[in-house]
Amino acid sequence: MWYKYFLMKNFVAGLVISVIVIFSALGGALADRLFVFKPLDAIFGRKTAVGTGSQRLVLNEENVVIDVAEKVSPSVVTVAIKKDQAVATPFVFDPFGVMGDQLAPSGKTETVQRDIGTGFIVGSDGLIVTNRHVVADLTATYKVITKDNTEYEVKNIYRDPINDLAILKIEPVAGKDLVAVSLGDSGNLKVGQFVIAIGTALGEFRHTVTTGVISGLGRGITAGDGFSSGEQLDGVIQTDAAINPGNSGGPLLNSSGQVIGVNVAVAGGAQNIGFALPINVIKDSLTNFNKNGKFDRPSFGVRYRMLDQQTALLNDMPEGAYVVEVVVDSSADKAGIKNGDIIVSVNGEKVKNIKGGLAGVIGSKKIGDKLEVEIFRGGKTQKVTVELLGSKLN
């Protein structure tokens, strides 16, 4: 009887094992269909690349950054300033270090050159975009240095006092091709969109690449160096991609390597809050230059700051653009707009509701267009007609 029991036991065990194997196979197939289990590489979107004798994993995101950096870096330049300055020499020596050495003019000068900003090539004929504040010193000369360390003297500079924008002109060198960037569209950006910045960080580290996302759109900021009066910039892009002094004038790029903004400022006393001018702001100016050989665009001619609802209520005045300064002989000046006026509406639309503020209005107009502007002055509102005059970038 024992052998019958033994056979029966083995038969039962075999049956159980067979059932387990069958259901395991069916369960795995079913799970694969229902839950789409895939290898880890597929789950995390990773590709396998072969290195020198070993394999390494490369994230798709890394591939994007690498591709964009390699594609665009040849079009990104470092802007350097060159200036003669007086040499001072110590004339009082303090051996105890209490007063410090006192300096006196030596009558000699020395030429100083250092990297101060970034730019990017927009024309193979030698047009380069950067920020106005990068090349603000009218007594200095400037040069640009490309990725392959070729140096070019800047021949002409066209400065835009409204948008902190400047266009540099260099002469191409024989045998050295100037590769222009591809300009994107800043009108269809989304918060959370991936971006890449390239620039000369801190005026020292050329072609530094940083990444981040678009943190906000349509921001209005007052940009300045803390010593002079600031500039009101409307409709700028906020990003958390690391932007440092020296990055100014460099490109903010999308994942396709297209320029969507010009890096312009970083928030003082904060982390990961940088700003860029939308590329659409300068595209019309570039088109105009290529057509007419000069930078002419309509200009309103005021510096202003926006009054929010709380400030307006506390001061019993309407929301709008508070005029800080009127440029002499500008469109606004000739229309009679004065310092202290509040621009309430343009062509019947409230300024507070206009995307990009006044800059957004002017950017869509042409020289010679007329605007019906409602202003608040002395407790009363009145309407004036403003004819838009040209403003050369110089």
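The values are calculated or read from the model by the stated rules, or taken from the named source; none is laboratory data. Just so you know, these numbers come straight off a predicted model, no measurement behind them. Please note: Cβ atoms are built from the backbone with ideal geometry, for glycine as well, and neighbour counts cover all protein chains shown.
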*Name the residues in region 185-216 that are touching a Pro at 6+ places or on another chain (Cβ under 9 Å) and in a strand (DSSP E or B), would you?*
196, 197, 198, 199, 201
*Scope region 153-184; condition among the acidic types (Asp, Glu), at pLDDT 85 or above and not in a strand (DSSP E or B); matching residues*: 171, 177
*Index of the failed condition, residue 288 passing every other in (1) modelled with pLDDT of 80 or more; (2) more than 27 Å from residue 62 (Cβ to Cβ); (3) surrounded by fewer than 21 Cβ atoms within 10 Å (Cβ to Cβ)*: (1)
*Looking at this structure, is residue 269 at pLDDT below 90 and either surrounded by fewer than 19 Cβ atoms within 10 Å (Cβ to Cβ) or assigned to a helix (DSSP H, G or I) (or both)?*
yes
*Among the residues listed as 376, 295, the single one being modelled with pLDDT of 85 or more and aromatic (Phe, Trp, Tyr)*: 376
*Restrict the check to region 171-180 and report whether at least one residue is over 17 Å from residue 251 (Cα atoms) and within 16 Å of the chain's Cα centre (by Cα).*
no
*Is region 234-243 home to any residue that is more than 12 Å from the chain's Cα centre (by Cα), at pLDDT below 90 and hydrophobic (A, V, I, L, M, F, W, C)?*
no
*What's the number of the condition residue 331 fails, among (1) within 24 Å of residue 280 (Cα to Cα); (2) surrounded by fewer than 20 Cβ atoms within 10 Å (Cβ to Cβ)?*
(2)
